[in-house]
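Asks: One structure, pasted below without further comment.
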Amino acid sequence: MAKLNQIIAVVNGKKSRSQKALTEIYKQIQKQTLFEGISRIYQPLDEDGETQPPERKNVQYRARTAMQEARETLAELFDATATQDYANCEARADVSVDGALLLSQVPVTHLLFLEKQLTDLHTFVSALPVLDSADSWRWDQNADCYVTEPTVSNRTKKVPRSHILYEATKEHPAQVEMYHEDVKVGEWKTVKFSSALAAQEKNEMLQRLRRLQEAVKFAREEANSRDVQDVQIANKVFDFVFGAQT
């Protein structure tokens with residue numbers, strides 16, 4: 001008795017081979033001349049008249065042959081796929097994380113869905129922003145986000161100043177140099193806000209997610225390792241379509 005994972009392993013190969021073989025049969029049945037034959041014998045009216053060699057072309061391919069080949073090509077695929085699909089309806093397994101039951105008797109098809117979704121969820125969680133480690137943060141209930149302690153910085157303004165290089169004399173006026181000086185005119189009090197996650201919270205979420213991903217994979221393998229009953233439906237399908245074989 002085969003196991004479900006063994007059936008899964010061969011179905012794709014059967015699909016590929018069947019599709020290729022069916023394509024070749026389809027190409028053949030589009031060649032009308034393969035299905036046609038002819039026999040011509042010339043009979044002169046006069047016994048002494050000119051004779052002609054007979055002509056004959058045999059039928060090279062038969063519609064019933066094409067039907068039988070298509071039937072044989074697809075029968076194995078139909079039965080293998082049916083065996084897989086029927087077994088999928090019954091294949092179930094528990095999802096347990098760290099020994100604790102999280103999901104009970106999940107169908108294998110849904111386990112496959114969960115695997116894909118958890119991969120996408122991991123990508124999403126990985127992209128979530130985290131608090132800037134350069135600042136110290138605390139949770140503020142009123143602001144409903146993280147805040148930093150206030151920091152104070154000066155606001156300055158450039159004020160023009162003059163500096164006498166040379167005093168005035170009877171012959172020359174005073175030489176004065178102009179420059180600007182930064183003068184404190186006020187203070188900025190800054191508080192930063194952030195709705196990002198604490199790095200530890202994000203890391204713990206990712207760890208839980210990875211453990212769940214592993215648990216779902218284990219459950220899927222367990223569900224796929226069950227024994228399956230061989231299902232044969234191909235003959236019923238093709239007997240109905242092509243007519244029962246005699």
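Asks: Look through Lys27, Lys15 and report the one residue that is assigned to a helix (DSSP H, G or I) and either in contact (Cβ under 8 Å) with a residue 60 or more places away in the chain or more than 46 Å from the chain's Cα centre (by Cα) (or both).
Replies: Lys15
Asks: Also: Yes or no: Ile8 touching a residue at least 12 places away in the same chain (Cβ under 8 Å) and loosely packed, with under 13 Cβ neighbours inside 10 Å? So that I can check it myself, show each step before the final result.
Replies: Working: touching a residue at least 12 places away in the same chain (Cβ under 8 Å): yes; loosely packed, with under 13 Cβ neighbours inside 10 Å: no.
Considered against the rule, which asks whether it is touching a residue at least 12 places away in the same chain (Cβ under 8 Å) and loosely packed, with under 13 Cβ neighbours inside 10 Å, Ile8 comes out as no.
Asks: Go through (1) surrounded by 13 or more Cβ atoms within 10 Å (Cβ to Cβ); (2) part of a strand (DSSP E or B) and name the single condition Phe78 misses.
Replies: (2)
Asks: Still on this structure, I have one more. Just a yes or no: is a residue in the stretch 134-141 without any contact (Cβ under 8 Å) to a residue 24 or more places away in the chain, more than 30 Å from Ser194 (Cα to Cα), of a type in the set (A, V, I, L, M, F, W, C) and surrounded by 10 or more Cβ atoms within 10 Å (Cβ to Cβ)?
Replies: no
Asks: Given the conditions (1) in contact with a Phe, Trp or Tyr (Cβ under 9 Å, 6 or more places away or on another chain); (2) among the aromatic types (Phe, Trp, Tyr); (3) without any contact (Cβ under 8 Å) to a residue 40 or more places away in the chain, report the number of the one that Phe78 does not fulfil.
Replies: Phe78 satisfies all of (1) in contact with a Phe, Trp or Tyr (Cβ under 9 Å, 6 or more places away or on another chain); (2) among the aromatic types (Phe, Trp, Tyr); (3) without any contact (Cβ under 8 Å) to a residue 40 or more places away in the chain except (3).
Asks: Within the stretch 188-240, how many residues turn out to be within 27 Å of the chain's Cα centre (by Cα), among the polar types (S, T, N, Q) and not in a loop (DSSP other than H, G, I, E, B)? Talk me through it step by step, then tell me what you get.
Replies: Going through the stretch 188-240, the residues within 27 Å of the chain's Cα centre (by Cα) turn out to be 202-226.
From what's left, among the polar types (S, T, N, Q): 203, 207, 213, 224-225.
Filter once more, keeping what is not in a loop (DSSP other than H, G, I, E, B): 203, 207, 213, 224.
Residues in the stretch 188-240 being within 27 Å of the chain's Cα centre (by Cα), among the polar types (S, T, N, Q) and not in a loop (DSSP other than H, G, I, E, B): 4 in total.
Asks: Something else now. Hey, Gln117 hits all of (1) over 19 Å from Arg208 (Cβ atoms); (2) free of Cβ contacts under 8 Å to residues at least 12 places away in the same chain but one; which does it fall short on?
Replies: (1)
This table checks each residue for (1) within 30 Å of Glu201 (Cβ to Cβ); (2) more than 31 Å from the chain's Cα centre (by Cα).
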{"residue": "Glu72", "(1), (2)": "no, yes"}
{"residue": "Glu90", "(1), (2)": "no, no"}
{"residue": "Ser96", "(1), (2)": "yes, no"}
{"residue": "Leu111", "(1), (2)": "yes, no"}
{"residue": "Thr119", "(1), (2)": "yes, no"}
{"residue": "Val125", "(1), (2)": "yes, no"}
{"residue": "Leu128", "(1), (2)": "yes, no"}
{"residue": "Trp137", "(1), (2)": "yes, yes"}
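Asks: Which residue is nearest to the chain's Cα centre (by Cα), if the candidates are limited to the stretch 152-187 and must be of a type in the set (A, V, I, L, M) and outside any loop (DSSP other than H, G, I, E, B)?
Replies: Val152
Asks: Mind counting the residues in the stretch 81-96 that are modelled with pLDDT of 95 or more and surrounded by fewer than 15 Cβ atoms within 10 Å (Cβ to Cβ)?
Replies: Adding up the residues that qualify gives 1.
Asks: Among the residues of the stretch 93-123, how many are of a type in the set (Phe, Trp, Tyr) and assigned to a strand (DSSP E or B)?
Replies: Within the stretch 93-123, residues that are of a type in the set (Phe, Trp, Tyr) and assigned to a strand (DSSP E or B) number 0.
The values are calculated or read from the model by the stated rules, or taken from the named source; none is laboratory data. These numbers were taken from a predicted model, which means no experiment stands behind them. No Cβ is skipped: glycine too gets one built from the backbone with ideal geometry, and neighbour counts run over all protein chains shown.
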